[in-house]
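Scroll down for the structure; my scribbles are underneath it.
The values are calculated or read from the model by the stated rules, or taken from the named source; none is laboratory data. Only a predicted model underlies this, so the values are computations on that prediction, with no experimental measurement involved. Cβ placement follows ideal geometry from the backbone for every residue including glycine, while neighbour counts extend to all protein chains displayed. Side chains included, ligands, DNA and RNA excluded: accessible areas come from the protein's heavy atoms. Shrake-Rupley method; radii C 1.70, N 1.55, O 1.52, S 1.80 Å.
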Amino acid sequence: MLTVLKTLHSDVCSVDIIDLFDKDPNRAEGFSVRFGDLLFDYSKTRITPEVRGALTALCEKRDVAAKREAMFQGGRINETEQRAVLHTALRDPDGPELLVDGGDIRAPLRKTVERMEALAGRVRSGEMQGPGGAFTDVVNIGIGGSDLGPVMATLALAPYHDGPRCHFVSNVDGAHIHDILQRIDPKTTLVIVASKTFTTIETMTNAATARRWIEAGGGDPAQQFLALSTSEEETAAFGIPRKHVFGFEDWVGGRYSVWGPIGLSVMLAVGPENFRAFLAGGKSMDDHFRSAPWQQNMPVMLALTGIWHNQVCGYPTRAVLPYDQRLRRLPAYLQQLEMESNGKSVAMDGSPLPYPTGPVVWGEPGTNGQHAFYQLLHQGTSVIPAEFLVAAKGHEPELAHHHKLLVANCLAQSEALMRGRSLEEACVLMRAKGYEGAELERQARHRVFPGNRPSTTLIYPQLTPHVLGQIIALYEHRVFVEGVILGINSFDQWGVELGKELANTLAPLVAGEKSAEGKDGSTRALLDFVREAGN
Ligand code: F6P
């Protein structure tokens with residue numbers, strides 16, 4: 001599949017990215033995509049017109065268009081779970097009838113959003129209260145997709161917060177829930193238990209702890225617990241009344257679920273109108289993805305840049321670097337979205353894949369990362385494609401000078417990665433500092449930057465709910481396109497199961513209720529240590 005691209009890669013691997021701009025004065029425009037409020041610039045990569053042609057040909061070869069439509073139309077593209085993949089419907093509750101298993105899903109979706117909005121209105125106005133009065137705090141208990149999306153979006157939209165304070169508990173480590181509950185009031189806290197399955201051990205353990213805390217603090221779980229789940233049975237078994245349950249269907253994957261009931265904490269924080277704007281942003285990206293030709297299609301070009309860097313150039317990781325403090329959980333969110341979706345080793349038909357699949361995704365906000373790991377990005381021996389995100393303006397007009405500096409740093413980094421600094425340039429610098437001879441060269445070598453390190457930049461006017469919706473849908477579709485090209489199922493996650501199973505068998509061993517016989521030597525030794533330390 002990648003042979004043509006591998007050949008093209010050997011042709012261009014010695015090319016200096018900066019020279020591509022000299023050859024083509026319109027490169028910046030020609031190698032970027034504009035859609036709505038967003039500009040995606042991939043000109044600081046080695047992608048040439050020939051490479052791009054070969055990359056877009058992959059979309060044809062892999063039938064991306066047909067598979068994309070199958071997804072939007074409710075085909076069971078998650079073949080290992082025999083499920084449709086319809087998170088896109090969540091952001092279009094007012095769309096036309098959409099049939100799944102013979103029934104229209106749009107009407108129930110609309111009803112759910114309206115119920116969420118009614119509840120959010122009552123909580124935010126103080127009409128719905130706890131025993132201590134209006135809800136001051138919301139604690140969302142969930143993990144994975146039932147946590148990362150709501151956390152990321154709530155933080156991102158901080159300037160729009162006018163509802164109760166939102167807290168997020170995910171880790172089964174008791175320290176997490178302890179440190180949050182100790183600073184809030186059990187009589188004015190609304191607890192949301194967010195779990196698609198409502199069986200996830202971390203979430204159910206935290207939910208039970210929260211319920212005990214509410215009871216002990218004079219609260220009333222019947223009034224103060226909400227459930228977001230696909231399982232009516234499990235939510236009922238936990239004792240949450242039906243009117244407090246917001247359901248969704250199994251065609252919403254956990255890591256794609258922030259657009260529906262799992263996003264309730266976001267809606268409580270920023271209000272229904274802003275949440276609708278977030279959905280509308282996502283929907284606008286869907287429409288663009290479905291209609292734009294490959295070369296002008298932002299998710300497609302973002303995906304093809306990923307395929308180029310990972311599968312063709314062989315760079316095994318990519319760094320997501322938002323120059324946007326409020327996107328500080330975006331890298332963690334994308335880790336789940338991309339690595340749980342595309343971290344697979346077999347093709348849809350079960351055969352082993354002959355090429356690497358999803359890259360390791362990691363990152364931190366700029367400028368913080370600059371003072372931590374950028375050293376390696378600039379001078380390390382590994383090439384790590386950097387994906388920058390930045391807003392043209394911030395939300396604090398009185399701090400515009402901060403924002404200008406932030407933007408300058410972001411642009412400086414992509415330029416520095418591309419340009420580098422030659423030995424000759426470094427020698428000039430060192431000579432100016434008074435160095436000479438062998439010492440001059442020794443000092444200069446430490447100051448050489450190889451350059452030619454690829455990066456992309458996604459720039460947007462301001463991080464509004466609509467723009468956030470566009471950005472998240474952009475990355476979702478990127479993952480989809482990469483998955484289709486790689487020929488894998490991006491919508492299952494069997495790789496998380498084995499660890500879960502073993503944790504269940506280990507729990508009684510850690511508690512000392514069962515012998516560790518049959519376990520490997522390392523596990524036995526670690527268990528001995530825990531027991532000796534008095535767990
Ligand atoms: O362990 C992985 C996973 O299944 C994720 O895919 C999911 O987002 C998370 O666990 C939480 O699952 P649930 O929402 O069912 O509690």
> Tell me, which residue of the stretch 107-127 that is open to solvent by 30 Å² or more (accessible area, probe 1.4 Å) and among the small types (Gly, Ala, Ser) is farthest from Glu273 (Cα to Cα)?
Replying inline: Ala107
>> Take the conditions open to solvent by 20 Å² or more (accessible area, probe 1.4 Å), more than 16 Å from the ligand (Cβ to nearest atom), modelled with pLDDT of 95 or more and more than 18 Å from the chain's Cα centre (by Cα) and apply them to Pro159. Does it pass?
In response: yes
>> Considering only residues that are small (Gly, Ala, Ser) and at negative phi, which ones fall in the stretch 143-182?
In response: Gly145, Ser146, Gly149, Ala153, Ala156, Ala158, Gly163, Ser170, Gly174, Ala175
>> Among (1) surrounded by fewer than 21 Cβ atoms within 10 Å (Cβ to Cβ); (2) touching a residue at least 12 places away in the same chain (Cβ under 8 Å); (3) aromatic (Phe, Trp, Tyr), there is one condition Tyr435 misses while meeting the rest; what is its number?
In response: (2)
>> Of the residues Arg212, Arg290, Arg255, only one is more than 16 Å from the ligand (Cβ to nearest atom) and touching a residue at least 40 places away in the same chain (Cβ under 8 Å); which?
In response: Arg290
>> Looking at the stretch 124-153 only, could you name the residues that are within 16 Å of the ligand (Cβ to nearest atom) and of a type outside the set (A, V, I, L, M, F, W, C)?
In response: Asn140, Gly142, Gly144, Gly145, Ser146, Asp147, Gly149, Pro150
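Okay, residues lined up against (1) away from the ligand (no atom under 16 Å from the Cβ); (2) surrounded by fewer than 22 Cβ atoms within 10 Å (Cβ to Cβ):
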residue: Gln295; (1), (2): yes, yes
residue: Gly314; (1), (2): yes, yes
residue: Leu321; (1), (2): yes, no
residue: Ala332; (1), (2): no, yes
residue: Glu340; (1), (2): no, no
residue: Ser345; (1), (2): yes, yes
residue: Met348; (1), (2): yes, yes
residue: Ser351; (1), (2): yes, yes
residue: Pro354; (1), (2): yes, yes
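In the stretch 183-196, is there at least one residue being open to solvent by 50 Å² or more (accessible area, probe 1.4 Å), part of a helix (DSSP H, G or I), at pLDDT 95 or above and away from the ligand (no atom under 16 Å from the Cβ)? Please lay out each step first, then the result.
Just the residues of the stretch 183-196 that are open to solvent by 50 Å² or more (accessible area, probe 1.4 Å), to begin with: 183, 185, 187.
Imposing the further condition that a residue be part of a helix (DSSP H, G or I) reduces the set to none.
Within the stretch 183-196 (the criterion being open to solvent by 50 Å² or more (accessible area, probe 1.4 Å), part of a helix (DSSP H, G or I), at pLDDT 95 or above and away from the ligand (no atom under 16 Å from the Cβ)), the answer is no, since none of the residues qualifies.
Do you know which residues across the stretch 298-322 are of a type outside the set (A, V, I, L, M) and under 25 Å from Ala156 (Cα atoms)?
Pro299, Gly306, Thr317, Arg318, Pro322
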>> Let me spell it out: the conditions are (1) closer than 30 Å to Thr88 by Cα; (2) surrounded by fewer than 22 Cβ atoms within 10 Å (Cβ to Cβ), and Ser490 meets all of them except one. Which number is the exception?
In response: (2)
>> So, Asp250, is that one away from the ligand (no atom under 16 Å from the Cβ), among the acidic types (Asp, Glu) and either in contact (Cβ under 8 Å) with a residue 24 or more places away in the chain or under 25 Å from Asn206 (Cβ atoms) (or both) or not?
In response: no
> Which of the residues that make up the stretch 373-428 are part of a helix (DSSP H, G or I), open to solvent by 60 Å² or more (accessible area, probe 1.4 Å) and under 24 Å from Thr464 (Cα atoms)?
Replying inline: Pro397, Glu398, Leu399, His401, His402, Lys404, Leu405, Leu411
>> Testing Val467 on (1) touching a strand residue (DSSP E or B) at 6+ places or on another chain (Cβ under 7 Å); (2) over 28 Å from Val85 (Cα atoms), one condition comes back false. Which one is that?
In response: (2)
